[in-house]
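Asker: Have a look at the structure that comes next, please.
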Amino acid sequence: MHSPPTPEAATPNANDALLLAVSRDDRRETQRLLTDAGADVNYIDEDGLTAHRIATAFGLSALAESLVEHGADAGAGRHDREALVDRAFSHLTGPGSPGAAVSVSRGGDLLYAKGHGLAHLEYDIPITSTTVFHVASLSKQVTAFSVALLASEGQLSLDDNIRAHLPEVRDFGATITLRHLVHHTSGLRDQWELLVLSGKRIDDVITTADIMTLVRHQRELNFAPGSEYLYCNTGYTLLAQIVERVTGESFYDWTRERLFVPLGMTRTHFQDDHERIVPNRAYSYKRTEDGYANSVLSFANAGATSLFTTVEDFAKWTRNLDTGELGGRQLVALMNETRPLTDGGDNPYAFGLALGEYRSLRVVEHGGSDAGFRSQVIRFPDHDLAVNVFGNMADLGAGDLARRVAGVYLADEMTAAESAAAADRPDAEVAADPQPDAPLDEYVGEYAVKDGPAVHVTRDGDRLVCEADGYPTSRPTADGGNAFSVDGTDTRLAFRRDAAGAMAFVTVDTGEAKLAGARLDSTPVTAEQMAGYTGAYYSPELDTTYHLSQEEGGLVAAHRRHGRIPLARTCGDAFRSDNHHFPVVAFFRDGEGAVNGFRLTGGRVRRLLFERR
C-alpha cells in the first residue's frame, strides 16, 4: 500500500484550500471553508487566480453563483490559461499520488503539455507529457481508422459479411457487417462480461485467443444486427483480427508501419503482448482506505483496447483527424459518419468516436477505462482545439477534467454559443414546478429492469433518489404525471400502476433504449419452492457451471472462481443479484413445471442460456 497525501500537506491554509475545493467542484467543502474556516472568497493566489475565476473558467456555473452570493468579485484576478489548467490538476501534486498527463493542441501546435503526479509510486517517478499510458477504449478510433483505410484502398468493404474474413464466427442467420462492428450494432455479446462469467478475472492474462474462443462458441445474439446500439468491445477485437487476416501482418506491426510512424507517433503501439517491456510507462492504481494499491492489468489483446501512447503523440493523432494528412479528407470525413438503426432511430456513435455537444459547441470525443487507467480526448472541430487527459488512478474523473481544460481555452466561444442557443429558444411562460401525481412514498421500492440492473428508489425529503449498480446515484426531477427526468442526462423514468392501483411498473428511457421494469415481489418464497431452483447449471457458450443452493432461506449462486452470489426473487421465476455481471436471472420450466434452466441478462449480455444438469 502507498499512503495518499494528507489534506494538510496539500492545503497549507484555508485560502489555498478554498481554491483547491473549487477546482474539484467540491461544493460542501467550499461552503465549509467560507462559513467555518474563514477563507477569503476574494483571495488571489500567486498566479492571479481567484475562486470565482476558477469556477467560471471550468464551467461550474452553480458554484460560481454561490461564490458571488458569498461576496466574490467577479472581475477580480486574471485568466491565466496555464495556471488554470495547473490548478485543475493541483490535487494530484502532493507526495505519493498517481496523476495524469494533459495536452492541449490547436492547429498542430501544443499549447499545453505537462504531467501531474506519479507514473510509478514505488520509485517516485513523475508523470511527464511523454509518459506512456494504456488508454483503453481510445484504441477504438485507431482500429476503426485502420479498417476505413483498408476500405479506401479496396482491400475490404465495410459492408462485407464478417464471416468472409472470420469464417469461424457462427452463422446466426443474419448478416453482421464490418459497419455493424464499428457502430456497436452487431448484437454480439461483450467479451469482458463473457470472460468474467466464464470464470476469468479481469486481472488475469487475457489473450486474443481467449476472446476468439468465446466468439466461436457464441450461439445467439443480443439482438438482430443493426436494430439496436449496445456498446460492444468484442466487435473491435474482431476488427483488429480482420486487419490481420487481410494484410497478413500482426496488428502491432501494421499499425506501427502504416499509422504511427508516418504520423511521427514514436512512443505509440498496440500492447498485444503483456510481457513486452515499455520504457517510460505509467502503472495503474486504485484508492483504498489505507492509500493506494496496484490495479493490475495484463491484457494481451488489441483492437478494443491496449493502445499505449502519450498525450504528445495523441495530439498528432487528433490533428490528423482534422487535416487528413494521412488517409485523406474523405477518410477523416467517414470517421465522423454515423449510421441510423434499422427502425430509423439515431445512433451517435461514429468510427470509434462519439458525436455530441458541450456548452453548445460541437464535440467529437471518447473516453477509456481499464484497471486504474482513465483517459479522455475531446475535440472541438469548429475551433481546431483538442484536449487529451490520460491518468493512472481509477477515480481520476478524466472526462470532467478534460471539459474543464477545454473551458479554459474556449471560455469566450462557449459563453457566446450558450448565449446564442438561449436566444434561439422560444420564450416560454414561467410555470410552477411540475408535481408528481402521487405522493413520493408510492414510488419508493426496488424495481427489476429487463436487460438492466435493478433500480432502487428511495425518498430524501421532497426528492426521490435512484440507485442502480454501475450508475451514479441520481435525484430525478418531477416532470408531471408519474414521470421524472435525471438532470444532465437523457434518462427519464415513467411509473405506472397495476390493475389494483398500486405503483408497480417503471419504464427507464435512456435516450438509446426503453427498458421495462416491475416492482420486486415481496411475497415470501417457501423452502420447498426454493429447493426447486437448486442444482448445477451449465452454459454451453461459456463451458462453465454455476451451482445454485439454498442458504439461510435464500438462493445463492456459486462459481469456483467468483465465490458466492446471493440472489433475491423479483417476481415469478425471476431473481436478481447485486453482482454487476450476474444481475438478472430468469428461470424457465419444462412441460411438467420443473425448472430446467435459466437465462442470464446483464449489461452487454442478454438472455445467456444455462441448462440444468
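The values are calculated or read from the model by the stated rules, or taken from the named source; none is laboratory data. Bear in mind that the values here come from a model prediction, so they are computed numbers and not experimental data. Note that we place each Cβ from the backbone using ideal geometry, even for glycine, and neighbour counts take in every protein chain shown.
Asker: Given the conditions (1) touching a strand residue (DSSP E or B) at 6+ places or on another chain (Cβ under 7 Å); (2) under 19 Å from residue 236 (Cα atoms); (3) not aliphatic (A, V, I, L, M), which single one is not true for residue 339?
Answerer: (1)
Asker: Among the strands (runs of 3 or more DSSP E) lying completely within segment 57-176, list those that include at least 1 residues that are within 23 Å of residue 381 (Cα to Cα) and not assigned by TED's automatic domain parsing to the domain that holds residue 266.
Answerer: 100-106, 109-116
Asker: So is residue 539 of a type in the set (Ser, Thr, Tyr), free of Cβ contacts under 8 Å to residues at least 60 places away in the same chain and buried (at least 18 other Cβ atoms within 10 Å of the Cβ) or not?
Answerer: It is false that residue 539 is of a type in the set (Ser, Thr, Tyr), free of Cβ contacts under 8 Å to residues at least 60 places away in the same chain and buried (at least 18 other Cβ atoms within 10 Å of the Cβ).
Asker: From the list 561, 599, 612, 604, exactly one residue is in contact (Cβ under 8 Å) with a residue 60 or more places away in the chain and farther than 21 Å from residue 204 by Cβ. Which is it? First the steps, then the outcome.
Answerer: Details: 561 fails: farther than 21 Å from residue 204 by Cβ; 599 fails: in contact (Cβ under 8 Å) with a residue 60 or more places away in the chain; 604 fails: farther than 21 Å from residue 204 by Cβ.
That would be 612, the only listed residue that is in contact (Cβ under 8 Å) with a residue 60 or more places away in the chain and farther than 21 Å from residue 204 by Cβ.
Asker: What helices (runs of 4 or more DSSP H) lie completely within segment 325-439 and have 3 or more residues being at pLDDT 95 or above and among the acidic types (Asp, Glu)?
Answerer: Of the helices (runs of 4 or more DSSP H) lying wholly inside segment 325-439, none has at least 3 residues that are at pLDDT 95 or above and among the acidic types (Asp, Glu).
Asker: Another question, then. Take the residues of segment 300-312 that are surrounded by fewer than 23 Cβ atoms within 10 Å (Cβ to Cβ) and closer than 24 Å to residue 402 by Cβ: which is farthest from the chain's Cα centre (by Cα)?
Answerer: In the first step, residues of segment 300-312 are kept if they are surrounded by fewer than 23 Cβ atoms within 10 Å (Cβ to Cβ); the result is 300, 308, 312.
Narrowing the set further to residues that are closer than 24 Å to residue 402 by Cβ leaves 308, 312.
Details: 308: 19, 312: 23 Å.
Step by step, filter segment 300-312, then rank; the result is 312.
Asker: For residue 67, which of the numbered conditions (1) at pLDDT 90 or above; (2) under 31 Å from the mean Cα position of the chain (by Cα); (3) not small (Gly, Ala, Ser) fails to hold?
Answerer: Here residue 67 clears every test but (2).
Asker: Another question, then. Would you point out which residue out of 319, 329 is charged (D, E, K, R) and over 17 Å from residue 150 (Cα atoms)?
Answerer: Unique residue meeting the criteria: 319.
Asker: Which one of these does residue 585 not meet: (1) without any contact (Cβ under 8 Å) to a residue 24 or more places away in the chain; (2) among the aliphatic types (A, V, I, L, M); (3) closer than 30 Å to residue 202 by Cβ?
Answerer: Among (1) without any contact (Cβ under 8 Å) to a residue 24 or more places away in the chain; (2) among the aliphatic types (A, V, I, L, M); (3) closer than 30 Å to residue 202 by Cβ, the lone unmet condition for residue 585 is (1).
Asker: Which one is nearest to residue 88 (Cα to Cα) among residues in segment 35-56 that are in contact with a helix residue (DSSP H, G or I) (Cβ under 7 Å, 6 or more places away or on another chain) and in a helix (DSSP H, G or I)?
Answerer: 54
Asker: For residues in segment 17-29 being in a helix (DSSP H, G or I) and under 28 Å from the mean Cα position of the chain (by Cα), which is farthest from residue 45 (Cα to Cα)?
Answerer: 28
Asker: Listed residues 78, 28; which is at pLDDT below 90 and surrounded by fewer than 18 Cβ atoms within 10 Å (Cβ to Cβ)?
Answerer: Values: 28 fails: at pLDDT below 90.
Every option except 78 fails the conditions.
Yes/no per residue for (1) modelled with pLDDT under 90; (2) aliphatic (A, V, I, L, M); (3) out of contact with any Phe, Trp or Tyr (no Cβ under 8 Å at 6 or more places or on another chain):
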{"site": "32", "(1), (2), (3)": "no, no, yes"}
{"site": "35", "(1), (2), (3)": "no, no, yes"}
{"site": "39", "(1), (2), (3)": "no, yes, yes"}
{"site": "42", "(1), (2), (3)": "no, no, yes"}
{"site": "50", "(1), (2), (3)": "no, no, no"}
{"site": "72", "(1), (2), (3)": "no, yes, yes"}
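Asker: Would you mind stating whether residue 198 is of a type outside the set (Phe, Trp, Tyr) and without any contact (Cβ under 8 Å) to a residue 40 or more places away in the chain?
Answerer: no
Asker: Pick out the one residue from 255, 234 that is in contact with a Ser or Thr (Cβ under 9 Å, 6 or more places away or on another chain), hydroxyl-bearing (Ser, Thr, Tyr), in a helix (DSSP H, G or I) and more than 10 Å from residue 181 (Cα to Cα).
Answerer: 255
Asker: Name the residues in segment 213-231 that are surrounded by fewer than 19 Cβ atoms within 10 Å (Cβ to Cβ), touching a residue at least 24 places away in the same chain (Cβ under 8 Å) and outside any loop (DSSP other than H, G, I, E, B), would you?
Answerer: 216, 217
Asker: I need the full set of residues from segment 180-209 which are more than 23 Å from residue 276 (Cα to Cα) and acidic (Asp, Glu), in order please.
Answerer: Across segment 180-209, the qualifying residues are 190, 193.
Asker: Take the residues in segment 90-112 that are in contact with a helix residue (DSSP H, G or I) (Cβ under 7 Å, 6 or more places away or on another chain) and buried (at least 23 other Cβ atoms within 10 Å of the Cβ), then tell me which one is nearest to residue 393 (Cα to Cα).
Answerer: Here the residue is 99.
Asker: Return the only residue of 249, 289, 275, 257 being surrounded by fewer than 17 Cβ atoms within 10 Å (Cβ to Cβ) and modelled with pLDDT under 95.
Answerer: So the residue among 249, 289, 275, 257 that is surrounded by fewer than 17 Cβ atoms within 10 Å (Cβ to Cβ) and modelled with pLDDT under 95 is 289.
Asker: Can you tell me which residue among 210, 203 is at pLDDT 95 or above, farther than 24 Å from residue 259 by Cβ, surrounded by fewer than 23 Cβ atoms within 10 Å (Cβ to Cβ) and not assigned by TED's automatic domain parsing to the domain that holds residue 318? Give the derivation first.
Answerer: Details: 203 fails: at pLDDT 95 or above.
Only one candidate qualifies: 210.
Asker: Could you run through segment 515-535 and say how many residues are of a type in the set (A, V, I, L, M, F, W, C) and under 34 Å from the mean Cα position of the chain (by Cα)?
Answerer: Looking only at that region, the number is 4.
Asker: Only strands (runs of 3 or more DSSP E) wholly contained in segment 541-613 count here; list those with 3 or more residues that are not charged (D, E, K, R).
Answerer: The strands (runs of 3 or more DSSP E) meeting that bar are 544-551, 554-559, 563-571, 584-589, 595-602, 605-612.
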